[in-house]
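Enquirer: Have a look at the structure that comes next, please.
The values are calculated or read from the model by the stated rules, or taken from the named source; none is laboratory data. In this text the structure is predicted, and so the values were computed from the model without any measurement. Here the Cβ is made from the backbone with ideal geometry for all residues, glycine too, and neighbour counts use every protein chain on show.
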Amino acid sequence: MGLSKEHYVPLIQDDDPNTSRNSGLERGSVENVIYRFRDEPCSPSKAKRSSVLTKFLIVVLIILAIVQSITIVYMSRSGQKQQCKQSLSGVIPMKDVYRPQFKLNAFMSENETEASAAWDAIEAGHGVVALDPEWAAARGLQPSVMHPLDPEKSIYNIAAYHSIHCLKLLRKHYVAVLKGEEIYWEEHHDLHCFDSLRQNIMCAADDNLLYATGHRDAGYGQTVQCKDWDALREWATEHSACYYDFEGSTIGHLGHCDGGEDGLPRGSLL
């Protein structure tokens, strides 16, 4: 196929003054524009604005990075604190409180009658609760005995109240020995309570550091960090199995509610 003849306009040539003139723009003026574009620096105001904007963006990015880091740390610590506000089983909501300890009180009174009255008023059965079996299973609790007065509930015993039960019982037997009273109790149950207290102390692993004076005491009057017993009492009240704890036959233990009182101090250890 043959090439068609077309009319081409030649590019501007250095040796063609006619073409330059016909273009409507002098060659010198074109070069001046190009060189001016290449060599003319930005105005000081524009450069300053650009520098300020760059610094501003850098500062904003740094602030965002710091805020994000703080947020991550806060959420992490909040999660840890939330775990600390649960009981060991993670079932009963509890918080940390601060309580003074080891001051003179009715439970350690030198007046045996006064002291025994304080100990006898403790309702260790307050910690026996009736729970829905499905609720318990969802929280990983093992199946427990059915409540005979409420077959839809299962009976559980809060460990701390079980320790109170053992401590109260052992003290009663100790006082009886001191008085020379002849009462009968099941020896194997006392042995069980001694070891139960040992295990519960190890399980709780209370790490409060107690000061000493060198007089066979530790932490007398010292304020220590505790779990909130008042919160534990209230939770037990809400789920009470109405169990009355007393030594002897198990007949008649159920069906006796304590009205939400366990005989232990409120807002205090003393």
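Enquirer: For the range 114-135, does any single residue satisfy the condition of being surrounded by 12 or more Cβ atoms within 10 Å (Cβ to Cβ), within 34 Å of the chain's Cα centre (by Cα) and among the charged types (D, E, K, R)?
Expert: Yes.
Enquirer: May I pose another question? Hey, among the residues in the range 177-212 that are touching a helix residue (DSSP H, G or I) at 6+ places or on another chain (Cβ under 7 Å) and without any contact (Cβ under 8 Å) to a residue 24 or more places away in the chain, which one's surrounded by the fewest Cβ atoms within 10 Å (Cβ to Cβ)?
Expert: 183
Enquirer: Let me ask you something else. Considering the range 221-258 alone, what residues qualify as being at pLDDT 90 or above and of a type in the set (Ser, Thr, Tyr)?
Expert: Residues satisfying the conditions are 223, 237, 240, 243, 244.
Enquirer: Hey, another quick one. Among the residues of the range 130-170, how many are assigned to a strand (DSSP E or B) and of a type outside the set (Ser, Thr, Tyr)?
Expert: Residues meeting the conditions: 10.
Enquirer: Given the criteria on the phi < 0 side of the Ramachandran plot, surrounded by fewer than 13 Cβ atoms within 10 Å (Cβ to Cβ) and either over 35 Å from the mean Cα position of the chain (by Cα) or part of a helix (DSSP H, G or I) (or both), does residue 215 qualify?
Expert: Yes, satisfied.
Enquirer: Let me ask you something else. Just one of the numbered conditions (1) surrounded by 14 or more Cβ atoms within 10 Å (Cβ to Cβ); (2) not in a loop (DSSP other than H, G, I, E, B) is not true of residue 220; which one?
Expert: (2)
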